[in-house]
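Please read the structure below before turning to the comments.
The values are calculated or read from the model by the stated rules, or taken from the named source; none is laboratory data. Values in this document were obtained by computation on a predicted structure and should not be read as measured data. Quick reminder, even Gly has a Cβ in these numbers, built from the backbone with ideal geometry, and neighbours come from all protein chains shown.
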Amino acid sequence: MIGQREGTTVVLGKDGTALHEQSGFGRATKNSLTLAPEEALYLVHRNKIEVKNEDFTSLLNIFSVEKGFMRRFLVYRDMRERGYVIQPGPHDFRVFRRGEKPGKGRSQYMIRVLSERDLVNFTAVVTDVGTTGHMRKQYVIAVVDDEDEITYYEVKTDALKPAGPVITCQVIEARVYGSTVLTLQRDAFPEGAWIGTPLDKTRLLLSPMEALYLQERNLLVFHPDAGAGEEFFRRASAEDPELPEKGATYSHMRDLGYIPRTAYKFGHHFRVYSGGKKHSELLVHAIASGIALPMSVISRSVRLAHSVRKKMLFACVDQKNIEFIEFARIKL
C-alpha cells in the first residue's frame, strides 16, 4: 500500500486502516490512517508500506529534524520487535500489554526516551510518576546510549512504610570539640539503635545528622553552652552543603523506624536497615528539590545497588515533604 507524506506524518487511504485494526498502527478514521513519524518509518523499514516520492533515507532525513527522533525511533522499533503495540503518547510513547491494542485492551507502560547524557530533573520525574500512577500505568525511562543500545528503567515513588520502633532514650548531654560531637553516655541508647560510633568504653562520637536528629527530638542537649551546638551546625553546614537534605532524609527515615548509616563506600549518602535485619536493603541518596542528575550517574547508581542486592532510592527533599524515587532496571 502507498501513502502520502503530509508534513511529518504519512497518510494512507482506506486500505491502510487494516494496519490499525490488526496491529494498532496510527490513528484511523473511516477512510484513512494517519501515521506518526516513528510508525511510518518503521513500516517503510519493514517493507509494509511505501510512501510516494520517498524512501527510508529521505524520510529519515526529514523526520530527524526533530530533536531526539532517532532515539525515539529505535525505542519504537525495539518495542515492536518485542511484540508490543506502541503508540505516541502523553510522554513519548504508551505501550499496550502483549496481545492487546487500542480498543481491545489498555496500555501498561508510559515511556520517556532519554540519552545517556540527558539530565533527569527529579521534581519533573515525581510529577510524571504521579500522573502515570493515577492512570494505573507503569512509568518507564528508555535510555539510548552512544552505541544505540537501549536500557529500560522502571521508575516509581516509594512510600516507605514504618519499619520498626522509633528511638527513645533518656536525654543525653554532648560536647562539641571542633568538628566533633561527643557524649560520655555511650549506653544511653537501646540495643540495636545504631546511633553514633564508639570511641572507647564510655565515649560515643555522633555525626552531624545524628546530633541534629536527637536535638530536634529533645533527646540531646549541648553542655555547657547550648550555643556551641548552634555554632557546630552552622560550621557543619558550611563544610557540607548537602547537610540540610541529608539531615531531613535521615530524620524522616529514623522516624519511620529505619536505621540509616553512611554509604560513603558505595558512593551514596545512606545504606539503610530495617526490621532488625543484619544487612541493609536500601541505598539512599538525598537531593534538593529541582536538582537534576545526568542519566549516566543514575545508571551507575542503579548498577551498583543491584550488584549488592539493594534498592536504589533518591530522596527528593523540598520544604514540605520527601519523595523517595526508586530506579530499577527492567526487561520488557
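This table checks each residue for (1) touching a Lys or Arg at 6+ places or on another chain (Cβ under 9 Å); (2) assigned to a helix (DSSP H, G or I).
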| residue | (1), (2) |
| --- | --- |
| Gln4 | yes, no |
| Gly16 | no, yes |
| Gln22 | yes, yes |
| Val44 | no, yes |
| Lys48 | no, no |
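The single residue among Glu173, Glu210, Glu231 that is of a type in the set (Asp, Glu), touching a strand residue (DSSP E or B) at 6+ places or on another chain (Cβ under 9 Å) and part of a strand (DSSP E or B) turns out to be Glu173. Check whether at least one residue in region 244-253 is surrounded by 14 or more Cβ atoms within 10 Å (Cβ to Cβ) and either of a type in the set (Val, Ile, Thr) or in a strand (DSSP E or B) (or both), and report yes or no. Taking every residue of region 244-253 in turn, at least one turns out to be surrounded by 14 or more Cβ atoms within 10 Å (Cβ to Cβ) and either of a type in the set (Val, Ile, Thr) or in a strand (DSSP E or B) (or both). Selection of region 265-287 for residues being in contact with a helix residue (DSSP H, G or I) (Cβ under 8 Å, 6 or more places away or on another chain) and either in a loop (DSSP other than H, G, I, E, B) or surrounded by fewer than 20 Cβ atoms within 10 Å (Cβ to Cβ) (or both) yields Phe266, Gly267.
Being in a strand (DSSP E or B), closer than 16 Å to Leu219 by Cβ and either in contact (Cβ under 8 Å) with a residue 60 or more places away in the chain or touching a strand residue (DSSP E or B) at 6+ places or on another chain (Cβ under 6 Å) (or both): is that true of Val155 here?
Numbers: in a strand (DSSP E or B): yes; closer than 16 Å to Leu219 by Cβ: no; either in contact (Cβ under 8 Å) with a residue 60 or more places away in the chain or touching a strand residue (DSSP E or B) at 6+ places or on another chain (Cβ under 6 Å) (or both): yes.
Judged against the criteria, Val155 is not a match.
Restricting Glu210, Glu147 to residues that are of a type in the set (D, E, K, R) and farther than 30 Å from Arg329 by Cα narrows the list to Glu210.
Which count do you get for residues in region 75-124 that are under 19 Å from the mean Cα position of the chain (by Cα) and either outside any loop (DSSP other than H, G, I, E, B) or of a type in the set (S, T, N, Q) (or both)?
Our first condition is that a residue be under 19 Å from the mean Cα position of the chain (by Cα); within region 75-124, this holds for 90-94, 108-124.
Keeping just the survivors that are either outside any loop (DSSP other than H, G, I, E, B) or of a type in the set (S, T, N, Q) (or both) gives 93-94, 108-115, 119-124.
Count: 16.
Checked against (1) touching a Ser or Thr at 6+ places or on another chain (Cβ under 8 Å); (2) within 23 Å of Arg117 (Cβ to Cβ); (3) outside any helix (DSSP H, G or I), Thr262 meets all criteria but (2). Pull out all pairs, ordered by first then second residue, where Cβ-Cβ is under 6 Å, the residues are six or more apart or on different chains, the first lies in region 164-180 and is within 13 Å of Glu231 (Cβ to Cβ) and outside the structural domain of His223 (by TED's automatic domain parsing), and the second is surrounded by 15 or more Cβ atoms within 10 Å (Cβ to Cβ) and modelled with pLDDT of 90 or more. Every condition considered, no pair remains. Every condition in (1) more than 11 Å from the chain's Cα centre (by Cα); (2) under 23 Å from Ser299 (Cα atoms); (3) without any contact (Cβ under 8 Å) to a residue 60 or more places away in the chain; (4) surrounded by fewer than 14 Cβ atoms within 10 Å (Cβ to Cβ) is met by Lys137 except one, and the failing one is (4). State which residue is surrounded by the fewest Cβ atoms within 10 Å (Cβ to Cβ) when the search covers only region 64-123 and only residues that are among the β-branched types (Val, Ile, Thr) and touching a strand residue (DSSP E or B) at 6+ places or on another chain (Cβ under 8 Å). Looking at the filtered set, the residue picked out is Thr123.
Hey, any hits in region 291-311 for a residue that's among the charged types (D, E, K, R) and in a loop (DSSP other than H, G, I, E, B)? Reasoning before the result, please.
As a first pass, look at region 291-311 and keep what is among the charged types (D, E, K, R): 300, 303, 309-311.
Next, only the ones that are in a loop (DSSP other than H, G, I, E, B) stay: 309-310.
Yes, some residue in region 291-311 is among the charged types (D, E, K, R) and in a loop (DSSP other than H, G, I, E, B).
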